[in-house]
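What follows draws every value from the coordinates through simple rules; no lab data is involved. Values in this document were obtained by computation on a predicted structure and should not be read as measured data. Glycine also receives a Cβ, built like all others from the backbone with ideal geometry; neighbour counts cover every protein chain displayed.
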């Protein structure tokens, strides 16, 4: 079934079988919104690979993936798009292959290059939601600035060891600058704590839920709040940004 056929069926009030398990959460109208949505995912590594996987399974109609990196052996412990057979391959190529295997309703556009100050606004133009799956503070701040200038909501996450954080920033909200105050430091505690397999899975799932809420209008996004989790000690907190 094509995307157009899925939309036509939805407009008759019938949920396509592949999306039946979405019915009780997003409903017919929500699924139509997801299929018509345009989402930019910046980064296709530990966070991004899982975000792409879940957005595709939810039935997001268009995903633009931006990443200029290739797979290396140290990615294998957590990056769902990596395998022993595609080491050295561009991450965006693996993302395109995986999405095509999962859901033909989803159009995946790939940009095999890094987001920069010069191209950020252009690359996210035309999208409805921007998802931060980056791994450096400088790049996150660049993306946040571009999202604000483009009047687009940004879903942010970062991970380190057993810990992670997620927040959603609308253009009029307090930004991730409230979290990252020192743009001169480009890496966080993940350098020493590492990134075990489960941590990006948790953060990516939360990012996708935030994106789905924004697109469908369901629930309450994490606006002006930071959700922090530490699975080593089973701590989950929502911090109000001031």
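Numbers at a glance
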item	result
Footprinting exposure proxy for 167, 58 (fewest neighbouring C-beta atoms within 10 Å first)	58, 167
Length-normalised contact order for the chain - Cα pairs under 8 Å, 6+ apart - percent	19 percent
Residues residue 172 and residue 12, FRET efficiency given R0 of 35 Å [Cβ-Cβ distance, rounded to 0.05]	0.40
Global geometry of segment 93-167, whether rounded, prolate or oblate, following the gyration tensor of its Cα atoms and the 1.5 cut on a/c	oblate
Taking 85, 74, 156 and counting other C-beta atoms within 10 Å, the order from fewest to most	85, 74, 156
Beta bridge orientation in segment 37-240: antiparallel %, DSSP, nearest 5	50 percent
When the convex hull of its Cα atoms is projected in every direction, mean area for segment 37-240 (nm²)	10.7 nm²
Where a label projected 7 Å from the Cα of residue 76 along Cα→Cβ would reach, residues of segment 87-102 with amide N under 12 Å	87-88
Angle in degrees between helix 91-102 and the longest Cα principal axis of the chain, rounded to the nearest 10	30 degrees
Scattering curve values for segment 1-138, log₁₀ I(q)/I(0), Debye with Cα scatterers, q = 0.09, 0.10, 0.16 Å⁻¹	-0.28, -0.35, -0.81
